[in-house]
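Participant: Attaching a single structure in structure tokens format; questions to follow.
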Amino acid sequence: MPSIDSNHLKRMLELQKTYVGTCYSMLGLHPCYVRDNYRDELQLMKNALEKDQFFAIGEIGLDYYWDRSYDDQQMICFLEQIDMAVTHNLPIVIHSRSSMDACIEVLRAKKESGVRGIFHCFSGSLQNAKDIIDCGFVLGIGGVVTYKNSGLAAVVADVPLEHIVLETDAPYLTPVPFRGKRNESSYLKYIVAKIAEVKNISEDEVAAVTTANANRIFGY
Ligand SMILES: [Zn+2]
């Protein structure tokens, strides 16, 4: 369960407690929620990290799509939260929109720290994929791979399965044939089917390898 800001922490932790072994919380200040109060937010995150159980730092990153007025603050938050993840030995989950080059630059700069995790909702080029993998990250692939015009299926075909995890981004990015409707976890099977098709391997193999990748990243 991705975190966006401190307002949702309590409800996420309640869900995690109610559905032990099914719901796992991340902690993070999402770039779209970086505002003037970001210092307070980061402090609340740090406090929560000492107190409650989290499985990753995320979503963190850079979003240059909606609003450019907090670019500098977004970068500060991204870098500080990467440091938090390294300190606590947690993976990070990166949100990147209209910011591919800037995010890859950050990952390169932080590579020596050993930071690891998932580049969520990846939809870049094969070169972007290679650069991200080279920094020790895997690609989060969701419904977009089923969209004809995205070009993502062709990229995924050339990325070894060991560097891919599956995701929903629910309620968004619903795969074909339910595109436009509310997304849900059960629709992951359409993403599995698409990846199996473009890689010409079995759906079982896609499921097994991507599950093993997720388990490795989150340390189960
Ligand atoms: Zn996101």
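The values are calculated or read from the model by the stated rules, or taken from the named source; none is laboratory data. Owing to the predicted nature of the structure, the values given are computational and were not obtained by experimental measurement. Cβ coordinates were reconstructed from backbone atoms using ideal geometry, including for glycine residues, and neighbour counts include every protein chain displayed. For accessibility, only protein heavy atoms count, side chains too; no ligands or nucleic acids. Shrake-Rupley method; radii C 1.70, N 1.55, O 1.52, S 1.80 Å.
Participant: Can you run the Rg to Rh ratio on the chain? Use alpha carbon positions and the Kirkwood inverse-distance Rh.
Facilitator: Taking Rh as the inverse mean 1/r over Cα pairs, Rg/Rh reads 0.95.
Participant: Oh, and also: Express the carbon and sulfur contribution to the solvent-accessible surface of the chain as a percent, rounded to the nearest whole number, probe 1.4 angstrom.
Facilitator: Looking at the chain in its full context, I get 50 percent from C and S.
Participant: At a 1.4 Å probe radius, which order do 126, 9 fall into by accessible area, largest first? Present the calculation step by step, with values, prior to reporting the outcome.
Facilitator: Working: 126 50, 9 20 Å².
Largest accessible area first, the residues go 126, 9.
Participant: Could I ask something else about it? How many Å² of accessible area per residue for the chain, probe 1.4 Å?
Facilitator: 51 Å²
Participant: Mind ranking 174, 22 by accessible surface for me, highest first, 1.4 Å probe?
Facilitator: 22, 174
Participant: Between residue 17 and residue 134, what length in nm is gained on full extension when 0.36 nm per residue of separation is reduced by their alpha carbon distance?
Facilitator: This chain segment gains 38.5 nm when fully extended.
Participant: Is it possible to state the helix-based mean residue ellipticity at 222 nm for the chain, with each DSSP H run of 4+ residues giving -39500 (n - 2.57), the sum divided by total residues, to the nearest 500 deg cm²/dmol? What is it?
Facilitator: Taking each H run of at least 4 residues, the total per residue is -13500 deg cm²/dmol.
Participant: Tell me the Kirkwood radius of segment 129-218: reciprocal of the mean inverse pair distance over distinct alpha-carbon atoms, in Å.
Facilitator: By the Kirkwood definition, the hydrodynamic radius is 13.1 Å.
Participant: How much of residue 135 can a 1.4 Å solvent probe reach, expressed as accessible area in Å² and rounded to 10?
Facilitator: Answer for residue 135: close to 10 Å² accessible.
Participant: Evaluate the charge dipole of the chain about its Cα centre and quote only its size in Debye, nearest 20, assuming +1 on the Cβ of each Lys and Arg and -1 on the Cβ of each Asp and Glu.
Facilitator: Details: 22 positive and 28 negative charges, 97 e Å.
Using Cβ point charges on Lys, Arg, Asp and Glu, the chain gives about 460 debye.
Participant: Right, here's the next one. Given contacts defined as C-alpha pairs under 8 Å and at least six residues apart, what's the relative contact order of segment 1-94, whole-number percent?
Facilitator: Relative contact order comes out at 30 percent.
Participant: Greater than 31 Å separation of Cα atoms is the criterion. Which listed pairs, 17/194; 110/194; 17/46, meet it?
Facilitator: Long pairs (Cα-Cα over 31 Å): 17/194; 110/194.
Participant: Compare 130, 148 by solvent-accessible area with a 1.4 Å probe and give them largest first, with all protein chains kept in place.
Facilitator: These residues rank, largest area first, as 148, 130.
Participant: Hey, quick one: spin label on residue 212, modelled 7 Å out along Cα-Cβ, who in segment 136-179 has an amide N within reach, i.e. under 13 Å?
Facilitator: Flagged as within label range: 161-164.
Participant: Modelling each spin label as a point 7 Å along the Cα-to-Cβ direction, I'd like the residue 170/residue 201 distance in nm, to one decimal.
Facilitator: Modelled inter-label distance: 2.5 nm.
Participant: Just want to confirm a number: the relative contact order over the chain, from Cα pairs under 8 angstrom separated by 6+ residues, in percent.
Facilitator: Working: 380 pairs, mean separation 29.2, N = 220.
Averaging sequence separation for qualifying contacts and normalising by length gives 13 percent for the chain.
Participant: Give the cross-link partners of residue 189 among the lysines, using a straight C-alpha distance below 21 Å as the criterion and excluding same-chain residues fewer than 8 apart.
Facilitator: 148, 181, 199
Participant: Further question on the same structure: Which of the listed residues, 28, 173, 75, is farthest toward the dipole's positive end in the chain, when Lys, Arg count +1 and Asp, Glu count -1 at the beta-carbon?
Facilitator: Projecting each Cα onto the dipole axis, the largest value belongs to 173.
Participant: Give the residue from 187, 161, 140 lying farthest towards the positive end of the charge dipole for segment 82-196; charges sit on Cβ (+1 for Lys and Arg, -1 for Asp and Glu) and the dipole is referred to the Cα centre.
Facilitator: The Cα lying farthest towards the positive end belongs to 187.
Participant: How far apart, in nanometres, would the label points at residue 52 and residue 157 be if each is projected 7 angstrom from Cα along the Cα-to-Cβ direction?
Facilitator: So the two model labels end up 4.4 nm from each other.
Participant: What translational diffusion coefficient, to the nearest whole µm²/s, does segment 9-136 have by Stokes-Einstein, given a Kirkwood radius computed over alpha-carbon pairs, a temperature of 4 °C and 1.567 mPa s viscosity?
Facilitator: 86 µm²/s
Participant: Taking the chain as a Gaussian network, where each spring joins two C-alpha atoms under 10 Å apart, which residue of 30, 88, 163 fluctuates the most?
Facilitator: Taking springs between Cα atoms under 10 Å, the residue moving most is 88.
Participant: Give, rounded to the nearest 20 debye, the magnitude of the charge dipole that segment 102-220 has about its Cα centre when Lys and Arg contribute +1 at Cβ and Asp and Glu contribute -1 at Cβ.
Facilitator: Taking the Cα centre of segment 102-220 as origin, the dipole is about 280 debye.
Participant: Give the accessible area for residue 216 in Å² (nearest 10); use a 1.4 Å probe, count only protein heavy atoms, and leave out ligands, DNA and RNA.
Facilitator: Probe radius 1.4 Å; accessible area of residue 216 about 140 Å².
Participant: Another question about this same structure. If you average the alpha carbon positions of segment 90-167 and of segment 195-217, how far apart do those two centres end up, in angstrom?
Facilitator: 16 Å
Participant: Here is a follow-up. At a threshold of 8 angstrom on Cα-Cα distance, excluding pairs fewer than six apart, so keeping six or more, what relative contact order does segment 160-220 reach in percent?
Facilitator: 34 percent
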